[in-house]
1. Quick one: check the C-alpha center-to-center distance for the stretch 263-290 versus the stretch 149-196, whole angstrom.
2. Putting +1 on Lys and Arg Cβ atoms and -1 on Asp and Glu Cβ atoms, find which of HIS212, PHE284, PHE53 reaches farthest to the positive end of the dipole of the chain.
3. What 222 nm value per residue comes from the helices of the chain, counting each DSSP H run with n ≥ 4 as -39,500 (n - 2.57) and dividing by all residues, nearest 500 deg cm²/dmol?
4. Could you order peptides 250-257, 102-109, 113-120 by the average number of other Cβ atoms within 10 Å of their residues, highest first?
5. Rounding to the nearest 20 debye, state how big the charge dipole of the stretch 1-113 is about its Cα centre with +1 on each Lys and Arg Cβ and -1 on each Asp and Glu Cβ.
6. Using DSSP, restrict attention to beta bridges with both residues in the chain and report what percent are antiparallel, rounded to the nearest 5.
7. For the chain, set up a Gaussian network in which alpha carbons nearer than 10 Å are linked by springs, and say which option among LEU110, LEU215, LEU31 fluctuates the most.
8. Compactness ratio of the stretch 1-113: Cα Rg over 2.2 N^0.38 Å, N = residue count?
Amino acid sequence: MREIVTAALQMGPIQKAETRQDVVERMIALLDRAKDAGATLAVFPELALTTFFPRWYMEDQAEVDSWFETEMPSAETRPLFDRAKAYGIGMYLGYAEKTPDGHHFNTSVLVSPQGDIVGKYRKVHLPGHSEFDTDRAFQHLEKRYFEPGDLGFPVWRSQDGILGMCICNDRRWPETYRVMGLQGVEMVMLGFNTPAVNSQMSAEGPEDRLFHHRLSVQAGAYQNATWVIAVAKAGVEDGHPLIGGSLIVDPNGKIVAESTTEDDEMLVHACDLDLCNFGKETIFDFARHRRIEHYGLITQRTGAELPPV
Ligand code: CDT
């Protein structure tokens, strides 16, 4: 048995006016609960330090940059890192990253229980659009503010396991999990901010949104025989609702814990990484069963091209 007692630390809404300091205080309170529950790994949401700012159209780059971190840990996040290290808890933390040479990414880091940043991931699949869209009920401007990630989908050895990261929209793409699955991933951590309605089709509400979320995460877990920890920022941010539905999913694709609120909430589960072994050695033994000679289109073609009529 190789257990990681994992705390999925869902966060309720963060309003535009709230400061990093306010938010970090809430995160430390969640970390205290994780410690009391015996966790050694805490998973926070995507863009955990601020409101989901890509819903706001901005033209002033200085204003855009005010949502980004230029260092991690920063002065504001140092207390969170210090508390996690004192507790011996590793972390997944999502934030907006501005690099020293001026690039902007939607990023997460993996921190070891000793307090070191051992991994970094930059979101590959950026949803939404880059210009103000009058046809949408609200904006989703990730393509405006972020560049696609440039680090691929690495995995890291930490806490006696093989851990990987992705961010929000990445969870809907089977390639995300499979690239990590091909490196033996045993736990995929991901944070998300998912609007509760479709800005382009109001009939698609929270039930459908939660269904597609669970479907994607459970399929990714099952088809790669891996744990998936999916953590929401949830609730109503300045009038804009985000779904909850934080999940801990086992390597059979079964949900073992799910949040019940749209507020700060902890899910905790002792995730035995050895439960991945059976699936990886049988139905999803990639080395025996995959047929890569038939998968070329996956990397040769981006969009669908229809056969001739
Ligand atoms: N943050 C994020 O990636 N959200 C997307 C919204 C999709 S609709 C533009 C998601 O996949 O949940």
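1. First find each Cα centre; the distance between them is then 13 Å.
2. Checking the options against the dipole of the chain, the answer is PHE284.
3. Dividing the helical sum by the residues of the chain leaves -7000 deg cm²/dmol.
4. Result, highest mean Cβ count within 10 Å first: 102-109, 250-257, 113-120.
5. Numbers: 11 positive and 17 negative charges, 110 e Å.
The dipole of the stretch 1-113 has a size of about 540 debye.
6. 65 percent
7. Comparing LEU110, LEU215, LEU31 in a Gaussian network model of the chain, the most mobile one is LEU215.
8. Rg over 2.2 N^0.38 Å, computed on Cα atoms: 1.10.
Just so you know, all these numbers are worked out from the coordinates, no wet-lab data involved. Model, not experiment: these values are computed from the prediction. Here Cβ is always computed from backbone atoms with ideal geometry, including for glycine, and neighbour counts include all displayed protein chains.
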